[in-house]
Amino acid sequence: MSQTAANSGGISTDGLPLVPSISLKTIPMAGLLVDVYGLDELSANVSRVSCLWLHHQRTRNKEHMREIAARCVGAWNESTGSEKDSRGLIALAYDQRNHGTRLVHDPANGAWREGNKTHAQDMLGGIVGMVGDQRVLLDVVESYLFHDSGEEEGKQRKVIDHHLALGVSLGGHSVWQLMFADPRVRAGVAVIGCPDFMNLITDRARLSKLSTYSADTGAATFLGSKDFPPSLVAAACKTDPKGILFGTSPIPSSPASASPSSSPSSADEDERQRRQILLERLQGKQFLLCNGAEDKLVPPRCGEAFTRWFKEAVDKYKEARISVDERTYAGVGHTFSVGMVKDAVEWVKEVVKSADADITAQARNGKSKI
């Protein structure tokens, strides 16, 4: 199926230029329908391709990423510079689990306030599942798109050697987890997403007035309750950024400070392990974090402690070469605002421009290539 990308809902674009006309092909890959933007625009001279993977919001579908896909690919195609001579950009979107073409039980996409008693399980399961699906697609995407490239006279063989991701809301959560999960994804844009799932859901339990949440004990009693069972806590500690680095423990005010319950020796060991995680999982990666200051659904405060620690750790452990660009948009709620769209498109373009330098640096540091 082939068509042309046009305006669609899901993002705010008032005052922006018209979305470029970019080709769209929907291709079955590993049991998933994947919308691929920009294949037809790849020139015969392009030999290396960057993939921008797009993760959509809760209750939406892959079609809601159509406009940001077209804007990012169009911006790259219209850019100037020597990088464009041999590198192309395509954008790819597929449905989150239990969404769009993969819908099996619509009530599971609702929150506690909407009558879904397993909101926490459904949210984390969907996020972790999206990351797993993404990793499978990273394995096979080149074999689907370019298995016969280079066979036609005068055309370069095309290889995919660079991946980045952009996600909104639920997709922002999955991009955070993906960045920690797979070394091949070199850059991520988390739009109104949160790196601390346990804190986000605990806050949502408070606002939903669940009986398992107590104002006196907060997360201490909610985590491990029927609404956030122990096995779910264990899963979050394995997959979510805050859980990976801190488990259920409080986040220190800075990378060098110890938890009040830690002895100096245990605090030093915890710090050493966190540094090692950053080096092993995130070395050389780039983050753009876009938050709405007035967001009520994913309040910036829920990820504030983690993000503050993360930025200080990045500054402290410069050998990890991690870049974090956090932007909070005044007056913006839970939406992919015009300002966020403009910033994300420009940021993605600059990341793709620097792809060759990143690949060279990774090889120099002994990391395996894609």
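The values are calculated or read from the model by the stated rules, or taken from the named source; none is laboratory data. All figures in this text were calculated on a predicted structure; none of them were measured in a lab. Neighbour counts run over all protein chains shown; Cβ positions are idealised from the backbone, glycine included. Remember, those area values only see protein heavy atoms, side chains included, never the ligands or the DNA or RNA. Shrake-Rupley method; radii C 1.70, N 1.55, O 1.52, S 1.80 Å.
Quick look at the numbers
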quantity	calculated
Matching residues in region 300-323 - criterion: being surrounded by 20 or more Cβ atoms within 10 Å (Cβ to Cβ) and touching a strand residue (DSSP E or B) at 6+ places or on another chain (Cβ under 9 Å)	Gly303, Thr307, Phe310, Ile322
Hits in region 10-57 - residues which are open to solvent by 10 Å² or more (accessible area, probe 1.4 Å), under 22 Å from the mean Cα position of the chain (by Cα) and under 11 Å from Ile68 (Cα atoms)	Gly10, Ile11, Ser12, Thr13
Helices (runs of 4 or more DSSP H) contained entirely in region 268-370, each with at least 2 residues that are modelled with pLDDT of 95 or more and either more than 23 Å from Cys51 (Cβ to Cβ) or in contact with a Leu (Cβ under 9 Å, 6 or more places away or on another chain) (or both)	301-316, 338-353
Selection status of Thr328, within 19 Å of Leu170 (Cα to Cα), in contact with a strand residue (DSSP E or B) (Cβ under 8 Å, 6 or more places away or on another chain) and open to solvent by 40 Å² or more (accessible area, probe 1.4 Å)	yes
Residue list for region 79-91, filter: at pLDDT 95 or above, in contact with a Lys or Arg (Cβ under 9 Å, 6 or more places away or on another chain) and of a type outside the set (Gly, Ala, Ser)	Arg87, Leu89
Top-ranked residue in region 135-181 [being among the polar types (S, T, N, Q) and buried (at least 24 other Cβ atoms within 10 Å of the Cβ); ranked as farthest from Cys51 (Cα to Cα)]	Ser169
Members of region 59-107 found to be touching an Asp or Glu at 6+ places or on another chain (Cβ under 6 Å) and surrounded by fewer than 24 Cβ atoms within 10 Å (Cβ to Cβ), listed by number	Asn61, Asn77, Thr101, Arg102
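Let's see how each residue does on (1) of a type in the set (A, V, I, L, M, F, W, C); (2) open to solvent by 70 Å² or more (accessible area, probe 1.4 Å); (3) under 17 Å from His162 (Cα atoms):
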residue	(1), (2), (3)
Gly333	no, no, no
Gly339	no, no, no
Asp343	no, no, no
Trp347	yes, no, yes
Lys353	no, no, yes
Asp356	no, no, yes
Thr360	no, yes, yes
